[in-house]
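**Q** Provided herewith is a single structure, encoded as structure tokens, for subsequent inquiry.
The values are calculated or read from the model by the stated rules, or taken from the named source; none is laboratory data. All of these numbers come straight from a predicted model, not from anything done at the bench. Here the Cβ is made from the backbone with ideal geometry for all residues, glycine too, and neighbour counts use every protein chain on show.
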Amino acid sequence: MIQLDKANGGFLITSLDSGSDIFIQTDWDYPGIASTFGWQACTCGTTDGTVDCQHKTASEMISDAYDFLVENDGKCVEDPGYFH
């Protein structure tokens, strides 16, 4: 299991098994991290949130991903491979 935590200047992803963590501070990384915790860039499914689609710009999706991460502070999910 991993846990998402808001941190000064970014976010921490922490392994609940080992206590190891990864600091995320680059907004370009927010869509990928947010998707790990259940966010979807666009319902069209043609983007990962870092490139424009027909419905949203990448900037809009990055901002939306940031908001999602803030709203999901403390959320835990299965580790998809960050700490393996």
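**Q** Conditions: (1) among the aliphatic types (A, V, I, L, M); (2) touching a Cys at 6+ places or on another chain (Cβ under 9 Å); (3) farther than 13 Å from residue 79 by Cα. Residue 58 meets all but one. Number of the miss?
**A** All conditions are met except number (2).
**Q** Inside the range 1-28, can you point out the residues that are under 17 Å from residue 79 (Cα atoms) and not in a strand (DSSP E or B)?
**A** Correct list: 1, 16, 17, 18, 19, 20.
**Q** Separate question: Name the residues in the range 29-55 that are over 20 Å from residue 79 (Cβ atoms), among the hydrophobic types (A, V, I, L, M, F, W, C), in contact (Cβ under 8 Å) with a residue 12 or more places away in the chain and in contact with a helix residue (DSSP H, G or I) (Cβ under 6 Å, 6 or more places away or on another chain), would you?
**A** Across the range 29-55, the qualifying residue is only 41.
**Q** Okay, next question. Just one of the numbered conditions (1) small (Gly, Ala, Ser); (2) in contact with a Phe, Trp or Tyr (Cβ under 9 Å, 6 or more places away or on another chain); (3) at pLDDT 95 or above is not true of residue 19; which one?
**A** In the conditions (1) small (Gly, Ala, Ser); (2) in contact with a Phe, Trp or Tyr (Cβ under 9 Å, 6 or more places away or on another chain); (3) at pLDDT 95 or above, residue 19 misses (2) alone.
**Q** Which one is nearest to residue 1 (Cα to Cα), of the residues in the range 31-84 that are surrounded by 14 or more Cβ atoms within 10 Å (Cβ to Cβ), under 14 Å from the mean Cα position of the chain (by Cα) and of a type in the set (Val, Ile, Thr)?
**A** 77
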